[in-house]
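The values are calculated or read from the model by the stated rules, or taken from the named source; none is laboratory data. In this text the structure is predicted, and so the values were computed from the model without any measurement. Please note: Cβ atoms are built from the backbone with ideal geometry, for glycine as well, and neighbour counts cover all protein chains shown.
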Amino acid sequence: TERTLVLVKPDGVRRGLIGEIIRRIEAKGYRIAEAHLRTADRDVLTHHYEEHKGKPFYEPLVSFMSSGPLMALVVEGNRVIEGFRSLAGTTDPTTAAPGTIRGDLARDWGLPVAQNLVHGSDSPQSAQREIALWFPHIHQGH
Ligand code: GTP
Ligand code: MG
């Protein structure tokens, strides 16, 4: 079985959508293996988004992601990395497909960075790295 790192971003927590997002993950059949509500400091976010360093949206992204509590989750199930990204929808919430988390629940608010409610790891390598970053105490196995 596979694991992925999901974040309910600060917009999702502020809008009271933690339950709705976890409901969709569980309804799909995946299992919540770990959960942690926290406000991320810039240090963890610098590591989390190191692939985006230097891009124009990097600073607004880090500011937004540290703007309030977020919910970090480890989600488990066969092909969950691909499956959660499919549940989440595409990055731009304006055009994300209806039926997806971003397509149903997010939109463009005219802000410098897309507030698109959730993050999901994009590969097995990212998942392993991100789970170790957000949940440093848990056993990395499987
Ligand atoms: P994550 O699951 O958060 O990693 O989203 P993603 O994999 O769909 O997108 P990506 O990793 O490419 O970008 C990370 C985040 O940066 C996105 O979720 C957006 O919030 C923001 N972002 C990415 N690309 C753009 C862009 O072209 N313009 C703006 N304004 N924001 C962007
Ligand atoms: Mg990404």
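Please specify each residue of region 75-100 satisfying the condition of being buried (at least 19 other Cβ atoms within 10 Å of the Cβ), β-branched (Val, Ile, Thr) and within 12 Å of ligand 2 (Cβ to nearest atom). Passing the criteria: only 81. Quick check on region 127-142: of everything there that is touching a helix residue (DSSP H, G or I) at 6+ places or on another chain (Cβ under 8 Å) and modelled with pLDDT of 95 or more, which residue is nearest to ligand 1 (Cβ to nearest atom)? Result: 130. Applying the set (1) away from ligand 2 (no atom under 16 Å from the Cβ); (2) surrounded by fewer than 19 Cβ atoms within 10 Å (Cβ to Cβ) to residue 30 leaves exactly one unmet item: (2). Scanning region 105-142 for residues that are under 25 Å from residue 36 (Cβ atoms) and away from ligand 2 (no atom under 16 Å from the Cβ) yields 105, 132, 135, 136, 137, 138, 139, 140, 141, 142. Among the residues making up region 114-126, a single one is more than 13 Å from ligand 1 (Cβ to nearest atom) and out of contact with any Asp or Glu (no Cβ under 9 Å at 6 or more places or on another chain): 125. Taken as a whole, the structure leaves residue 103 outside the set of residues that are surrounded by 15 or more Cβ atoms within 10 Å (Cβ to Cβ) and within 13 Å of the chain's Cα centre (by Cα).
Residues in region 110-142 that are more than 17 Å from the chain's Cα centre (by Cα) and touching a residue at least 60 places away in the same chain (Cβ under 8 Å): 2 in all.
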